[in-house]
Amino acid sequence: MSVLERITSKDAIALEEKHGAHNYHPLPVVLSRGEGVYVWDVEGNKYYDFLSAYSAVNQGHCHPKIVGAMVNQAETLTLTSRAFYNDRLGPYEKYVTETFGFDKLLPMNTGAEAVETALKLCRKWAYEKKGIPENEAQIIVCENNFHGRTTTIISFSNDPVARKNFGPYTEGFVKIAYDNIEALKEALEGGTNIAGFLVEPIQGEAGVYVPSDNYLKEAKALCEAHNVLFIADEVQTGIARTGRLLATCGNCSCIDKHCSGTPEVKPDILILGKALSGGAYPVSAVLANDAIMGVIRPGNHGSTFGGNPIAAAVGMAALEVVKEEELAQNAFELGVLFRDELNKFIPNCSVVKSVRGKGLLNAILINDAEESSTAWDICMALKENGLLAKPTHGNIIRFAPPLVMNREQLLDCISIITMTLAQFEK
Ligand SMILES: *Cc1c(COP(=O)(O)O)cnc(C)c1O
């Protein structure tokens, strides 16, 4: 399209309003270009991206190495289906399993598909290895979870908007409070036929809820004691977002200096998505060791696009970028700076109650009711001031910029954020 033919923001929004299903409520900004930590709207206004497509774009917009791998592969071979082998999948699986320290990988496309895959894997393991009677397996999940939008996944959501009028729901889930080790203990000791525990290391959509220090470690130990699979959904927290390669950063060949000395949790099943492709392409994966993944046999599970050559090439390039550019370390250091600076500002600000997070997955809690429009209004003002963020759960604003940000850019963003918040002082 030439510049003259370019659609205006107003027209683009009107077209979506008229012809698209209304399953999202976007901030009114129409983006047409991205590079690194920046995006531009159709009118040419430049913004810092502080959402990173829900942490899919950790490596920055249009990273040349990732785009290069994608274009190169797209010109060579795009899709074979798994009816035949392709020359990219094996090397990719080797690279990813070695990076995260697992025997096997099962490739899928979206996060929700990978969560579904992990649940099926856990159930099959329960029947064939643990000896749970058929159709009796229970999987423990946490309140306020977010694992995606499929029928099974929303069956164990407690968000009424995601659930209502989508029943009947899939059975076999036990819901307990998050970050409550006693609740897990009770569910494991009191429950029968428990197969797995599905958990987000930090609850992202719930408002960047960081559990207490030893929660994951203790939860893993409890699961082990009960022969229950610990399933970590790192779709949002993984791939350097929280200042380590994984938020559960376990027994992996982790490239991150800050890993040692912190609690190590090695999930039995690891779910990755989002930044596994750097936001270039839908790529997700489930990782597990042979004792678990071995229950999956031909015909049990699959996807036409899962493990396609473009996904494999893109996934490999995206992980290489994380290592080469030391993004985990950068996220760790900038995260400390971000929270330090906001913590200096918050005592003199009545609009914000607190800041929380890990690495570059952070949120501020707005000092207003969940139903109030304040967080939305602040995001609209941030947009006017050149920074894009979105409220999650009404009165919480998540801040998750691409991890390729530098210190100077982050300081610039902090001044945009504090200056904008100051506009809301009464
Ligand atoms: C985004 C997300 C998912 C779902 O991923 P999709 O690609 O949107 O299906 C699952 N789990 C967590 C923790 C997520 O943040």
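The values are calculated or read from the model by the stated rules, or taken from the named source; none is laboratory data. Just so we're clear, the structure is a prediction, and the values are computed from it rather than from any experiment. Cβ atoms come from the backbone with ideal geometry, glycine included; neighbour counts cover every protein chain shown. Just so you know, the surface numbers come from the protein's heavy atoms only, side chains and all, with ligands and any DNA or RNA stripped out. Shrake-Rupley method; radii C 1.70, N 1.55, O 1.52, S 1.80 Å.
Roughly what would the spin-label model give for Ala177 and Ser32, points 7 Å off Cα along C-beta, in nm?
5.2
Taking amide H positions as placed 1.01 Å from N in the peptide plane, with prolines and chain starts having none, which residues 5 or more places from Ser157, or on another chain, fall under 5 Å of its amide H?
For Ser157, no residues qualify.
Divide by every residue of the chain the summed helix terms, -39500 (n - 2.57) for each DSSP H run of at least 4, and state the resulting mean residue ellipticity at 222 nm, rounded to the nearest 500 deg cm²/dmol.
On the way: 14 runs with 149 residues, N = 426.
After summing the helix terms and dividing by residue count, I get -10500 deg cm²/dmol.
Add +1 for every Lys or Arg and -1 for every Asp or Glu among the other residues with Cβ under 13 Å from the Cβ of Glu200, and state the total. Please report the intermediate quantities before stating the final value.
Values: positive: Arg241, Lys274, Lys358; negative: Glu143, Asp179, Glu205, Asp233, Glu234.
That works out to -2.
Determine Rg/Rh for segment 65-324; Rg is computed over alpha-carbon atoms and Rh is the Kirkwood hydrodynamic estimate from the same atoms. Provide the component values of the computation, followed by the final result.
Working: Rg = 17.8 Å, Rh = 18.7 Å.
Radius of gyration over Kirkwood radius for segment 65-324 works out to 0.96.
Rounded to the nearest whole Å², what accessible area per residue is found for the chain with the 1.4 Å probe? Walk me through the numbers before you get to the answer.
Details: 19120 Å² over 426 residues.
Accessible surface, normalised per residue, equals 45 Å².
Longest segment of the chain with no chymotrypsin sites (Phe, Trp or Tyr not before Pro) in a DSSP loop having at most 14 other Cβ atoms within 10 Å?
On the way: sites that count: Tyr24, Phe84, Tyr85, Phe166, Tyr169.
It works out to 170-426.
Loop only per DSSP, at most 12 neighbouring Cβ atoms within 10 Å: give me the GluC sites (Glu not before Pro) in segment 20-85, ordered by residue number. Walk me through the numbers on the way to the answer.
Working: sites: Glu35, Glu43, Glu75; in loops: Glu43, Glu75.
Of the GluC sites (Glu not before Pro), the ones in loops of segment 20-85 whose Cβ has at most 12 other Cβ atoms within 10 Å are Glu43, Glu75.
For segment 360-369, just list the computed ³J(HN,Hα) in residue order, Karplus coefficients 6.51, -1.76 and 1.60, θ = phi - 60°, integers in Hz, with x standing in for Gly and Pro.
So the Karplus estimates, Gly and Pro as x, are 9, 10, 9, 8, 10, 9, 7, 7, 7, 5 Hz.
Relative contact order (percent) for segment 65-324, with alpha-carbon contacts under 8 angstrom and 6 or more residues of separation? Working shown, then result.
Numbers: 477 pairs, mean separation 82.8, N = 260.
Result for segment 65-324 is 32 percent.
Reachable lysines from Lys164, Cα under 23 Å, same-chain residues fewer than 8 places away excluded?
Excluding near neighbours in sequence, the set is Lys175.
How much length is gained on full extension from Asn193 to Glu384, taking 0.36 nm per residue of separation minus their Cα-Cα distance? Working shown, then result.
Numbers: separation 191, 0.36 × 191 = 68.76 nm, distance 5.34 nm.
Length difference between fully extended and current span is 63.4 nm.
Note down the net charge around Leu270, summing +1 for each Lys or Arg and -1 for each Asp or Glu among other residues with Cβ under 14 Å from its Cβ.
Values: positive: Lys104, Lys220, Arg244, Lys266, Lys274; negative: Glu93, Glu98, Asp103, Glu200, Asp233, Glu234, Glu264, Asp268.
So the environment of Leu270 carries a net charge of -3.
State the percentage of accessible surface on segment 65-324 attributable to carbon and sulfur atoms; use a 1.4 Å probe and exclude ligands, DNA and RNA.
Working: 5420 of 10780 Å².
Carbon with sulfur: 50 percent of the solvent-accessible area.
Place a point 7 Å from Cα of Lys426 in the direction of its Cβ. Which residues in segment 337-370 have their backbone N less than 14 Å from it?
Answer for segment 337-370: 350-352, 367-369.
Of all DSSP beta bridges in the chain, what percent run antiparallel (nearest 5)?
Values: 31 of 47 bridges.
So the antiparallel bridges in the chain amount to around 65 percent.
Based on the Cβ-Cβ distance of Asn158 and Glu218, what FRET efficiency does E = 1/(1 + (r/R0)^6) give at R0 = 25 Å, to the nearest 0.05? Could the numbers behind the result be given before it?
On the way: r = 23 Å, r/R0 = 0.93.
E between Asn158 and Glu218, to the nearest 0.05, is 0.60.
Run the quick spin-label model on Ile7 and Glu186: label points 7 Å from Cα toward the beta carbon, then report their separation in nm to one decimal.
Placing both labels 7 Å beyond Cα along the Cβ direction yields 5.1 nm.
Can you give me the long-range amide H partners of Val404? Hydrogens built in the peptide plane at 1.01 Å from N, cutoff under 5 Å, separation of 5 or more residues or another chain.
The answer is Gly60.
How about segment 149-221: which trypsin sites (Lys or Arg not before Pro) there lie in a loop by DSSP and see at most 10 other Cβ atoms within 10 Å? Mind showing how you got there, number by number?
On the way: sites: Arg149, Arg163, Lys164, Lys175, Lys185, Lys217, Lys220; in loops: Arg149, Lys164.
In loop regions of segment 149-221 (DSSP not H, G, I, E or B), the sparsely surrounded trypsin sites (Lys or Arg not before Pro) are Lys164.
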